[in-house]
Amino acid sequence: MNDTTGHDALVRLRGVHKTFGEGRAEVRALRGVDLDVNPGEMLMLMGPSGCGKTTLISIISGVLSQSQGNVEAFGYQWEKLSEDAKAIARAQNIGYVFQQFHLVPQLPAIENVAVPLLIRGVPREQALRRAAASLTDVGLGDRLDDPPRQLSGGMQQRVSVARALVGQPRLLVCDEPTANLDADNGHAVMELLRKASRRTDDQGRACAVIVVTHDARVESFADRIEYMEDGRFVDAPVGAHQA
Amino acid sequence: MLFADKLKYIVLVCGLAFAVLLITQQCAIFLGILIRATGPLQNIGQADIWVAGEHTYYIDMVRPMSDRDLYRVRATPGVQWAEPFFFFNTIVQLPDGKFTVVQVIGVDRQTMIGRPPTMLSGRLEDLRIPDAVLLDKVGRRRLKDVQVGDTLRLNDRRATVVGFCNAKKGLLSKALMYTTYENALRFVPLGRQRMTYILVKVKEDQSVREVADRISALDGIHGWTADEMRKRNIDFILKDTSVGLNFAIMVGLGMFVGLVVSMSTFNQFTNDNLQHYAVIKAMGARSRTLIGMVVVQAMTVGLIGYGLGVGLAALFTRTVRNQANELVAFIPWELLVVALVPMLLCVSLGAFVALRRVLRLDPASVFAS
Ligand SMILES: Nc1ncnc2c1ncn2[C@@H]1O[C@H](COP(=O)(O)OP(=O)(O)O)[C@@H](O)[C@H]1O
Ligand SMILES: [Mg+2]
């Protein structure tokens with residue numbers, strides 16, 4: 001089921017295990033995960049709290065290393081890269097959207113959005129220009145200079161989507177992006193993420209979006225849904241509709 | 001990011017400014033004291049060598065020589081001239097019966113070597129009148145605005161004020177009373193060992209060093225070059241008084257305050273922003289970028305704190321100089337450079353505290369809820 005596609009998958013996981021801690025405190029968060037993320041798709045990961053969804057996307061995006069198995073993303077094997085090389089690869093390929101938005105409260109929206117470009121070393125003026133364009137794309141072209149606290153939760157999440165997309169990443173990783181939003185705002189954000197999965201990057205390559213959620217209201221936006229339980233994918237959507 | 005947290009930013013800048021102010025200002029006063037300690041030496045530019053009894057270690061604590069020593073110095077090869085110079089404290093009685101301490105300075109009546117640098121009123125030549133004295137500004141003030149022509153009593157002798165002069169004060173700002181060497185001996189009876197200093201000029205073709213060594217080889221007396229004399233006075237203040245230690249304590253205190261404020265604020269600030277640093281790390285900021293961020297922020301507050309501290313110290317120095325003129329603080333450009341050191345130290349340690357946490361931060365913690 002997960003290995004339907006061939007060599008052109010954006011991300012490929014084979015037999016991935018992740019164990020936290022040792023001895024009695026040992027937690028087996030992932031127990032043999034195989035997964036392909038294909039270009040152009042909107043993949044949704046669902047499952048009860050604690051089943052390993054966050055652990056999985058952390059490993060996919062190279063901020064956490066697996067205990068066992070093979071992870072390949074954008075042609076890199078994360079474990080073979082140095083910390084700095086991983087950082088560069090993340091900066092070039094991945095955009096993030098978080099449940100708690102994680103915007104810098106003191107910076108205006110436009111500067112928050114410019115951060116990923118500044119990290120990459122894009123000159124400030126150009127970064128701000130592209131940030132403004134990205135904010136306009138999510139419908140916030142008139143709120144560029146507002147700090148996060150002057151924006152509603154829905155707007156803040158749209159700012160973070162703009163931030164995730166400003167660098168034209170090939171993969172968007174979203175952890176519970178709608179958990180803190182009401183239905184309307186949740187829909188608006190999912191709409192944006194779905195649109196993002198239909199993009200191509202500046203080199204014409206198709207992109208992908210992974211959304212971790214246990215919000216059943218947004219299931220309809222997915223191209224594909226994978227259900228997890230106890231660190232494994234499961235066939236049947238057991239307890240998937242607990243929202 | 002730090003700049004946006006106004007309160008912490010202000011605390012940090014104030015802490016650094018305070019440390020820099022305290023350190024700069026204490027150093028300035030200390031330098032002022034050292035310079036003041038050599039004031040009497042600065043008044044006398046013509047002498048290459050100062051001769052006094054052995055074991056003289058501070059200008060005010062002289063071991064006098066005998067008249068015979070003057071001839072021995074004059075007879076030393078390489079000496080162009082050698083003149084007696086009297087420098088000793090005594091008590092002067094005012095017309096109203098009160099007393100004050102003065103520094104009696106006796107200069108050679110012919111050559112006037114050791115004379116006051118500038119005259120304010122009266123004529124230098126009038127010093128040759130019997131029992132004539134010149135007073136400096138401090139003397140005029142301490143002696144309740146004495147006038148030219150007034151008579152003072154010194155150890156049952158009469159002295160007549162013939163003018164006023166200006167000269168660099170010593171550490172204790174004693175009133176200076178200039179007179180001739182002969183008068184001075186009468187005003188301040190010292191017994192047979194009465195020659196306090198001998199000022200020496202070295203012949204043009206001779207080395208000051210060698211002549212000083214030749215004089216030092218003579219029994220019971222020692223010749224110090226003007227530079228050595230200056231160093232000796234400064235060394236005395238540094239080593240034989242607790243002045244240096246006291247200033248060191250104040251400087252240490254400033255350093256301590258600066259470090260505590262800087263390190264705790266940076267630590268606190270890093271704590272508050274850990275999540276943002278994690279986000280930035282996950283987004284692909286390399287260590288280099290993170291170090292750059294922290295260092296730029298640290299240096300910015302550091303420089304602002306430095307500027308404020310040094311500025312306040314300069315203001316302070318100006319104020320004390322304009323007022324009583326008693327406490328002279330001195331800020332040479334070198335001190336401005338030296339004051340950078342505590343600032344840099346505070347800022348580096350603060351940044352180090354922050355960086356240690358930021359660099360160790362696990363980017364995976366961005367997903368932690
Ligand atoms: N850093 C960690 N240290 C120890 N245990 C962890 C850590 N991160 C996650 N876990 C554990 O791994 C399991 C999976 O967690 P997570 O991936 O966050 O689940 P989900 O995102 O599906 O709620 C949980 O039991 C959690 O307690
Ligand atoms: Mg989770």
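Taking a ≥ b ≥ c as the square roots of the eigenvalues of the Cα gyration tensor of segment B:105-189, is the shape rounded (a/c under 1.5), prolate (a/b larger than b/c) or oblate? Verdict is rounded for segment B:105-189. On the principal axes of its alpha-carbon atoms, segment B:133-259 has extents of 60, 45, 30 Å, going from largest to smallest. By the Kirkwood approach, averaging reciprocal distances over each pair of separate Cα atoms, chain A gets a hydrodynamic radius of 18.3 Å. Compared with the alpha-carbon gap, the fully stretched path from B:PHE256 to B:ILE304 is longer by 15.4 nm at 0.36 nm per residue. With an 8 Å Cα cut-off and a minimum separation of 6 or more residues, compute the relative contact order for segment B:39-240 in percent. With pairs under 8 Å counted, the relative contact order is 36 percent. Each stretch of four or more DSSP H residues adds -39500 (n - 2.57); spread over every residue of chain A, this sum gives -9500 deg cm²/dmol at 222 nm. The convex hull built on the alpha-carbon positions of segment B:176-333 has an orientation-averaged projected area of 18.2 nm². Here segment A:1-139 is treated as a sphere whose radius is the Kirkwood value from Cα pairs; by Stokes-Einstein at 4 °C and 1.567 mPa s it diffuses with a coefficient of 76 µm²/s.
B:GLU334 to B:THR111: FRET efficiency via 1/(1 + (r/R0)^6), r the Cβ-Cβ distance, R0 25 Å, to the nearest 0.05?
So, using R0 = 25 Å, E works out to roughly 0.10.
Relative to the Cα centre, the charge distribution of segment A:1-82, modelled as +1 at Lys and Arg Cβ and -1 at Asp and Glu Cβ, gives a dipole magnitude of about 300 debye.
For the protein assembly as shown, the alpha-carbon coordinates run over 122, 48, 47 Å along the three principal axes, in decreasing order. Using every pair of distinct Cα positions in segment B:39-240, the Kirkwood expression returns a hydrodynamic radius of 17.2 angstrom. Rounded to the nearest 5, the antiparallel percentage of DSSP beta bridges internal to the protein assembly as shown is 65%. Relative intensity of segment B:28-145 on a log10 scale, I(q)/I(0) at q = 0.10 Å⁻¹, equals -0.39, per a Debye sum over C-alpha point scatterers of equal strength in the absence of solvent. Please work out, to two decimal places, the log10 of the ratio I(q)/I(0) at q = 0.12, 0.15, 0.23 Å⁻¹ from a Debye calculation in which every Cα of segment A:137-215 carries one identical scatterer. Debye output, listed in q order: -0.33, -0.52, -1.11. The alpha-carbon atoms of segment A:1-80 define a convex hull whose volume equals 100 cubic angstrom per residue. Each label was represented as a point 7 Å from its Cα along the Cα-to-Cβ direction; for A:SER220 and B:GLN206 these points are 11.2 nm apart. Hydrodynamic radius of segment A:84-182 by the Kirkwood approach over all distinct alpha-carbon pairs: 13.3 Å.
Per the Debye formula on identical point scatterers at the alpha carbon atoms of chain B, with no solvent, log10 I(q)/I(0) at q = 0.08, 0.10, 0.13, 0.15 Å⁻¹ is -0.58, -0.74, -1.00, -1.19. Helical runs (DSSP H, four residues minimum) scored at -39500 (n - 2.57) apiece and divided by the length of chain B put the mean residue ellipticity at 222 nm at -16500 deg cm²/dmol.
Separation of the alpha carbons by more than 21 angstrom is noted, of A:LYS80/B:LYS281; A:LYS86/A:LYS195; B:LYS6/B:LYS281; B:LYS137/B:LYS239, for A:LYS86/A:LYS195; B:LYS6/B:LYS281; B:LYS137/B:LYS239. In terms of packing, defined here as the mean over residues of other Cβ atoms within 10 angstrom, the peptides A:78-85, B:306-313, A:17-24 line up highest first as B:306-313, A:78-85, A:17-24.
Projected onto their three principal axes, the Cα atoms of segment B:252-327 cover extents of 62, 19, 17 Å, largest first.
Compared with the direct C-alpha span, the chain from B:VAL243 to B:LEU315 gains 23.6 nm at full extension, assuming 0.36 nm per residue. Membrane-span-like helices in chain B (whole DSSP H runs, Cα extent of at least 15 Å along the helix axis, mean Kyte-Doolittle hydropathy of at least 0.0): B:6-37, B:243-272, B:287-322, B:333-360.
Between rounded, prolate and oblate, where does segment A:40-89 land on the alpha carbon gyration tensor, with a ≥ b ≥ c its root eigenvalues, rounded for a/c under 1.5, else prolate if a/b exceeds b/c? Cα axes put segment A:40-89 in the prolate bin. Within straight-line reach of B:LYS144, meaning a Cα separation under 19 Å, sit the following aspartates and glutamates at least 8 residues removed in sequence or on another chain: B:ASP96, B:ASP136, B:GLU326.
Working from label points 7 Å from Cα in the Cα-to-Cβ sense, the B:VAL341 to B:TYR71 distance is 5.3 nm.
Each reported figure results from applying straightforward, stated rules to the coordinates on display, with no laboratory input. Please read these numbers as outputs of a predicted model, since none were measured by experiment. Cβ sites come from the backbone with ideal geometry, for glycine too, and all protein chains shown count toward neighbours.
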